[in-house]
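Enquirer: Pasting a structure below so you can have a look.
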Ligand code: GUN
Ligand code: FE
């Protein structure tokens with residue numbers, strides 16, 4: 001295809017192609033076609049005839065992928081709770097109830113997407129609240145913000161506080177309506193995820209229908225699983241007929257390649273094998289797991305079972321909106337497995353794209369991918385750093401261990417610069 005080049009960017013270009021492989025082009029040129037996809041990515045040779053945006057001395061990396069976060073929980077970050085279930089009652093449920101008020105949605109959602117962009121995240125898997133109107137508005141703001149990904153209306157039809165308890169049929173009908181409106185919108189930039197909150201707040205009737213709707217629509221399905229022993233105990237109490245939440249979700253036909261389950265910490269080996277066999281993905285949210293003392297996702301077991309996972313900030317249990325911060329904590333969470341800077345960088349980009357079934361569109365900077373990328377300045381982390389002096393793994397290491405997103409200077413989706421003041 002002979003697509004006219006619309007824009008070209010010169011910089012040091014760095015992206016991961018595998019958990020142990022990166023491409024580092026010290027003086028590179030990224031050429032973007034009029035469809036927003038990359039026409040070519042390679043060394044600058046002086047032969048390119050069109051106009052070039054010159055970011056020499058800067059680093060150009062793929063847009064970051066945050067596979068799990070909650071829009072209404074932005075201002076809950078850092079409000080400590082004794083356990084997951086107490087913290088939900090004390091802070092999270094009130095914050096989500098407040099999404100019944102359009103003014104709250106407007107304020108919180110706008111600030112959420114601005115912070116997402118300022119942290120270099122271009123693709124995200126998100127939860128709204130149980131409210132269809134709030135979910136609809138979150139999609140509109142996401143559309144205006146220019147980022148990519150999916151959102152879901154949270155579903156809760158049992159054991160939930162007043163104001164967050166839905167009738168099963170309303171929950172399903174409203175979710176179906178949001179899916180019909182948003183799944184595939186903006187040329188596929190926006191997608192829908194059926195979002196049963198977690199097993200304790202969902203009836204089997206609801207989950208069975210969610211499995212069917214997700215399958216029929218081709219949309220995503222997202223939920224939380226086995227985050228704490230307290231959650232597991234509650235699931236056993238409610239549904240003693242199932243060995244664990246994986247068996248329950250599987251029986252409800254909720255597992256599959258477009259299902260993203262957050263946490264997956266307290267599961268036995270067999271459960272990970274079931275997740276792998278169904279192609280189900282895990283959102284690993286280490287900062288959140290430290291904050292709630294949930295434990296650590298057993299990365300070695302998850303990898304041995306062959307389950308795909310990537311990084312999520314899980315705001316508001318996660319205190320940061322930076323995927324670089326998650327990269328760091330993904331390493332700190334594993335005492336016996338090594339998370340190298342290259343591996344966590346891969347998780348934050350191509351691994352994230354794979355978890356969101358978007359690996360043909362984003363996550364690397366090869367020709368054919370959407371031109372979703374960040375321009376970074378390492379001096380923003382420390383004025384003594386000079387990009388040209390740093391080896392590939394040193395750059396990634398500094399971004400991961402000393403950066404919390406401050407290196408991000410500009411963020412592009414499909415070759416267009418995102419403007420945090422433009423929505
Ligand atoms: N489990 C069910 N809901 C939530 C939530 O909002 N945050 C976290 N961290 N875990 C959950
Ligand atoms: Fe979460």
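Enquirer: Let a ≥ b ≥ c be the square roots of the eigenvalues of the Cα gyration tensor of segment 64-151; is it rounded (a/c under 1.5), or, if not, prolate (a/b larger than b/c) or oblate?
Expert: Note, shape of segment 64-151 comes out oblate.
Enquirer: Counting DSSP beta bridges in the chain, what percent are antiparallel, to the nearest 5?
Expert: Values: 28 of 61 bridges.
Here the antiparallel bridges make up roughly 45 percent for the chain.
Enquirer: OK, next. Take every Cα pair under 8 Å in segment 289-334 that's 6+ residues apart, average their separations, divide by the length, and report that relative contact order as a whole percent.
Expert: 40
Enquirer: While we're looking at this one, here's another question. Calculate the length of the line joining the C-alpha centroid of segment 272-307 to that of segment 185-264, in whole Å.
Expert: About 15 Å separates the Cα centre of segment 272-307 from the one of segment 185-264.
Enquirer: Continuing with this model, one more query. Taking Cα pairs under 8 Å and at least six residues apart, what relative contact order does segment 28-92 come out at, in percent?
Expert: That works out to 17 percent.
Enquirer: OK, next. Taking the convex hull of the Cα atoms, report for segment 230-335 its projected area averaged over all directions, in nm².
Expert: Dividing the Cα hull surface by four gives the mean projection, 6.6 nm².
Enquirer: For the chain, what class follows from the C-alpha gyration tensor (a ≥ b ≥ c being the square roots of its eigenvalues): rounded when a/c is under 1.5, otherwise prolate if a/b is larger than b/c, else oblate?
Expert: Since a/c reaches 1.5 and a/b is larger than b/c, the shape of the chain is classed as prolate.
Enquirer: Which FRET efficiency value, to the nearest 0.05, do you get for residue 409 and residue 168 by plugging their Cβ-Cβ distance into 1/(1 + (r/R0)^6) with R0 = 56 Å?
Expert: Numbers: r = 48 Å, r/R0 = 0.85.
Here the calculated transfer efficiency is 0.70.
Enquirer: Just from its helices, what would the mean residue ellipticity at 222 nm be for the chain, if runs of 4 or more DSSP H residues each count -39500 (n - 2.57) and the sum is divided by every residue, rounded to the nearest 500 deg cm²/dmol? Intermediate results must be reported in sequence, preceding the final value.
Expert: On the way: 15 runs with 139 residues, N = 423.
-9500 deg cm²/dmol, from helical runs alone.
Enquirer: Next question. Taking the alpha-carbon centroid of each part, what is the distance from segment 113-127 to segment 325-385 in angstrom?
Expert: A separation of 14 Å, based on Cα centres.
Enquirer: Which whole-number percentage describes the relative contact order of the chain, with Cα contacts under 8 Å and a sequence gap of 6 or more?
Expert: Relative contact order for the chain comes out at 21 percent.
Enquirer: Also, quick follow-up: How would segment 223-266 be classified by its alpha-carbon gyration tensor: rounded, prolate or oblate, with rounded meaning a/c under 1.5 and the a/b versus b/c comparison settling the rest?
Expert: It is oblate, given that a/c is not under 1.5 and a/b is not larger than b/c.
Enquirer: Roughly what angle does helix 168-182 make with the longest principal axis of the chain, taking Cα atoms, 0 to 90 degrees, to the nearest 10?
Expert: 20
Enquirer: Further question: May I ask you to derive the FRET efficiency for residue 304 and residue 54 from their Cβ-Cβ distance with R0 = 56 Å, giving the value to the nearest 0.05?
Expert: After rounding to 0.05, the efficiency reads 0.75.
Enquirer: Rounded to the nearest 10 degrees, what's the angle between the helix 323-332 long axis and the longest principal axis of the chain, both from Cα atoms, 0 to 90?
Expert: Taking the Cα atoms of the chain, the angle to 323-332 is about 70 degrees.
Enquirer: If you fit an axis through the alpha-carbon atoms of helix 269-278 and take the longest principal axis of the Cα set of the chain, what angle between them do you get, 0 to 90°, nearest 10?
Expert: 70
Enquirer: Using label points projected 7 Å from each Cα along Cα→Cβ, tell me how many nm separate residue 401 and residue 181, to one decimal.
Expert: 4.8
Values quoted throughout were computed directly from the atomic coordinates according to the rules given, and no laboratory measurement underlies them. Because the structure is a prediction, the values reported are computed rather than measured. Counting neighbours? That spans all protein chains shown, and the Cβs are built from the backbone with ideal geometry, glycine included.
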